[in-house]
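Everything on this sheet refers to the single structure shown next.
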Amino acid sequence: GENGNSGTKVLRGKGESVRVLTRNTDRAREILGGAPEIITVDITSRESIRTALDKARAVIICVSAMSWANIKRIRQIERDGVLSVLEEAKNAGVNRVVYISGYEIRDAGHS
C-alpha cells in the first residue's frame, strides 16, 4: 500500500539498498516512484523467490490473497508461499525476517 513508500524511503535514507518484490510492477512503481528496485515475483514459484532473494540480508513479508482474483488461492499464496519465502531466506543466509499484516480495516465511509 501507500505506506510502503515511507518504509522504503527510511531504509534508503539509511543507505540501505531496497528491492521490492511484487506481483504488480506497474502499481508498485506508481506508489514507490523510481528509486527502489522493483521485481515481479510469483510467490508460488520457488525459483522466482530464490532469484529475488539473491544477496538479500533482510526480508519484510507483507502478502495478501484477499481479493476476488486471488481468494481461491489463499492457502497457496498466504501459507505455502510465505513458507517458501522463509525457507529460501534461510537458505540464502538472510539474518532478519519481518512478517507484517497485509490486511486493512477501514471505516465503512472509506473506499
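The values are calculated or read from the model by the stated rules, or taken from the named source; none is laboratory data. All values derive from a computational prediction rather than experimental measurement. Heads up, the Cβs are rebuilt from the backbone with ideal geometry, glycines too, and the neighbour counts pull from every protein chain shown. These accessible areas exclude ligands, DNA and RNA; they are computed on the full protein's heavy atoms, side chains included. Shrake-Rupley method; radii C 1.70, N 1.55, O 1.52, S 1.80 Å.
Near the amide H of residue 61, under 5 Å away, which other amide H atoms are found, from residues 5 or more places off or on another chain, if H is placed in the peptide plane?
Placed amide hydrogens put 98, 99, 100 under 5 Å from residue 61.
Mind running the shape call on the chain? Use the C-alpha gyration tensor, a ≥ b ≥ c as the square roots of the eigenvalues: rounded below 1.5 for a/c, prolate if a/b tops b/c, oblate otherwise.
Details: a/c = 1.72, a/b = 1.11, b/c = 1.56.
Note, shape of the chain comes out oblate.
Whole-Hz Karplus ³J(HN,Hα) for the range 55-70, in order, using 6.51 cos²θ - 1.76 cosθ + 1.60 and θ = phi - 60°, x for Gly and Pro?
6, 6, 9, 9, 9, 10, 9, 9, 9, 8, 10, 7, 8, 4, 6, 10
Using C-alpha positions alone, give me the convex hull volume of the range 21-72 per residue in cubic angstrom.
Normalising the Cα hull of the range 21-72 by residue number yields 96 Å³.
Provide the per residue accessible area, probe 1.4 Å, for the chain, rounded to a whole number of square angstrom. The partial results should precede the final answer.
Values: 8030 Å² over 111 residues.
Result: 72 Å² per residue.
For the chain, which whole-number percentage of the solvent-accessible area (1.4 Å probe, protein heavy atoms only) is attributable to carbon and sulfur atoms? All intermediate terms of the calculation are to be shown ahead of the outcome.
Details: 4100 of 8030 Å².
After summing per-atom areas, the C and S share lands at 51 percent.
As an exercise, use a Förster radius of 30 Å and the Cβ-Cβ distance of residue 91 and residue 68 to find the FRET efficiency, rounded to the nearest 0.05. Provide the component values of the computation, followed by the final result.
Working: r = 34 Å, r/R0 = 1.12.
So, using R0 = 30 Å, E works out to roughly 0.35.
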